[in-house]
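First the structure, in the form of C-alpha cells, and then the observations on it.
FYI, it's all coordinate maths here, none of it is from the lab. Nothing here was measured: the structure is a model prediction, and the numbers come from that model. Don't worry about glycine lacking a Cβ; one is built from the backbone with ideal geometry, like all the others, and counts go over all protein chains shown.
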Amino acid sequence: MGEQVPFDFFDQIETVKKSLAGKDILLFLDYDGTLTPIVDTPDLAVISDEMRQTVSRAADFMAVSIVSGRATDDVRGKARTEKAFYAGSHGFEIVDPQGKVTVNDEARHIRPVIDEVHAKLSQRLKKVPGALVEHVKYTISAHYRLVADKDFPLVKKAVEAILMEYPVLRKTEGKKVFEIRPKIDWDKGRAVQWILKFLNFDAQRHIAIYIGDDTTDEDAFKVLADKGIGILVADPPRASAAAYVIPDTPAVKKVLDLLISIREK
C-alpha cells in the first residue's frame, strides 16, 4: 500500500464502526507520542493515570499489545497493564500476558555488540551538550532533541562512524533520534505479525488496529493494510501507510474510549 495523507478518523467514525461490526479487536499501541506526548528526554514520558486506566480497561474487552522502541522492561514498568503483550526494542523482545519472554535469536546473539557500541558512542558524544545515548537492550537510541543545531552534525557523524565500524548494524530515524539496530529483517511490523500469529488471527473473526506516531510505526501500518486499520498520530497530518489520522495523545484516549464503548454494548 502506498503512502498518502490519511482521512480524519473522527470524520469517518461510521465507516470504522462498520469495519468493526461482528469482529474481535486486536489493538496495538505505540508508547511515546501515542500513549504519552513527546517530551525532551525518555525518562519524562510518563503515562498519565487516566490513560493507563483506559488502556487497562481496553484490555478487558480486546487483546492489547504495546509496541515500542523502548526496552520491554521499561515500557512494561511504565504502562503497567497486566493483560497486555509488550514488544520492546522495536519488537526484538516480546513478552506475552503470562510473562513469557520471546527474543529474536539473531538479536540475542548480537547483544554483546550492542553493549560495546553503546559504550563507544556514549564516550564519543559525552562532550556534545544535550546528546543522550540510550541503551535499549537490543538497540541503541541516540537522542538529539536537546542538541543545538550547530552540534547536530557531530551526532550524525558519530553515529555514521559507528556504523562503518560495525557493519552488522543499521540506522533508522525517528523523531529527533537515530536508532542503531541489528541488521536483521525485523521491525515493529514483523513484531505485529508475530503477535497476530500467536493470537491465531483470522480475518473473518478479527480486526487489528494499530495506533502510532513515528516513522518506525509505518512498518506496522503496512502490515495491517489487509488485516485492519492503521491510525497515525500527527498534527499536522502527513503522508502515511495508515488509513486514518488523529492529532495527539488526548485524541488517542478518545479513540480508545470509543472502542471500549462499542465493545461494552
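Nothing charged except the Cβ atoms of Lys and Arg (+1) and of Asp and Glu (-1): what's the magnitude of the dipole of the chain about its Cα centre? Round to the nearest 20 debye. Around 360 debye, computed over the chain.
So which trypsin sites (Lys or Arg not before Pro) in the range 42-138 are both in a DSSP loop and have at most 16 other Cβ atoms within 10 Å of their Cβ? Filter output for the range 42-138: Arg80, Lys83, Lys100, Lys126, Lys127. Between Arg57 and Val168, the simple label model (points 7 Å from Cα in the Cβ direction) yields a spacing of 4.7 nm.
Past the 26 Å Cα-Cα mark, which pairs from Lys17/Lys100; Lys127/Lys176; Lys18/Lys227; Lys17/Lys227; Lys23/Lys78; Lys126/Lys253?
Details: Lys17/Lys100 34 Å; Lys127/Lys176 18 Å; Lys18/Lys227 15 Å; Lys17/Lys227 15 Å; Lys23/Lys78 30 Å; Lys126/Lys253 38 Å.
In this structure, Lys17/Lys100; Lys23/Lys78; Lys126/Lys253 exceed 26 Å between Cα atoms.
Which residues among the range 173-205 fall inside the zone where the amide N is under 20 Å from a point 7 Å beyond the Cα of Val113, along Cα→Cβ? Answer for the range 173-205: 173, 178-188, 190-191. Label-to-label distance, Leu199 versus Glu160, with points set 7 angstrom from Cα along the beta-carbon direction: 4.1 nm. Amide H contacts of His206: Asp24, each under 5 Å away and 5 or more positions distant or on a separate chain (H built 1.01 Å from N in the peptide plane; Pro and chain starts excluded). The calculated FRET efficiency for the pair Phe152 and Asp105, based on their C-beta separation and a Förster distance of 25 Å, comes to about 0.10. Note on Thr41 and Ala21: their simple-model spin labels are 5.2 nm apart, each label 7 Å out from Cα toward Cβ. Computed from backbone phi, the HN-Hα couplings of the range 83-98 come to 7, 8, 7, 10, 10, x, 6, 6, x, 5, 10, 10, 10, 8, x, 8 Hz, rounded to whole numbers (Karplus: 6.51 cos²θ - 1.76 cosθ + 1.60, θ = phi - 60°; Gly and Pro given as x).
Mean 1/r over all different Cα pairs, inverted: what Kirkwood radius does the chain give, in Å?
Details: mean 1/r = 0.0530 Å⁻¹.
Final number for the Kirkwood radius of the chain is 18.9 Å.
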